[in-house]
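Before any comments, here is the structure.
The values are calculated or read from the model by the stated rules, or taken from the named source; none is laboratory data. Fair warning: this is a prediction, and the values are worked out from it, not measured in the lab. Quick reminder, even Gly has a Cβ in these numbers, built from the backbone with ideal geometry, and neighbours come from all protein chains shown. These area figures cover heavy atoms from the full protein model, side chains too; ligands, DNA and RNA do not enter into them. Shrake-Rupley method; radii C 1.70, N 1.55, O 1.52, S 1.80 Å.
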Amino acid sequence: MLLYTSIQYDVFEVLVGLLGRFELNYFNGWSPSLNIENQLLIVLMKLKLNLRDIDLAHRFCVSRSTISNIFNTLVHALHEMLYVGVVDTCFPSQLKCKGTASRASGVWKFTSHVGGCGTKPFGDAPKTPDSCSQIPESK
């Protein structure tokens, strides 16, 4: 599994369970001849290994059009479930992040001085915290 998809098996099972919760509407009214595990494996192998449809069709003993239909349907479904359903609702937008960047700039200046203090190799860290204030300002 890891070689063909770069995904751990337990993550694969979670994705299969997620896809199993929804009724997938395949393109052109097609009905699947493969189980959902093989369909997801086809999609992940195509994404990871960039295999051609005809190669995957030969490996899974189906037609090239079946591979194409599976790929298009599952990529669309995974996008709707994972990106639209999770990322858009759980993570802040870029616009919201840019709005808070100006307020955080003062904090970053302070942390760069603290980060520069005591980072010399071989234990040449300052003996007291006051010696950190002797670091010259960076331009």
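Restricted to segment 54-80, and to residues there that are at pLDDT below 95 and out of contact with any helix residue (DSSP H, G or I) (no Cβ under 9 Å at 6 or more places or on another chain), the residue that is nearest to M1 (Cα to Cα) is H79.
Residues of segment 32-53 that are free of Cβ contacts under 8 Å to residues at least 12 places away in the same chain and over 16 Å from Y4 (Cβ atoms): N35 alone.
Listed by position, the helices (runs of 4 or more DSSP H) enclosed by segment 1-78 that each have at least 2 residues that are open to solvent by less than 90 Å² (accessible area, probe 1.4 Å) are 9-20, 36-49, 53-60, 64-78.
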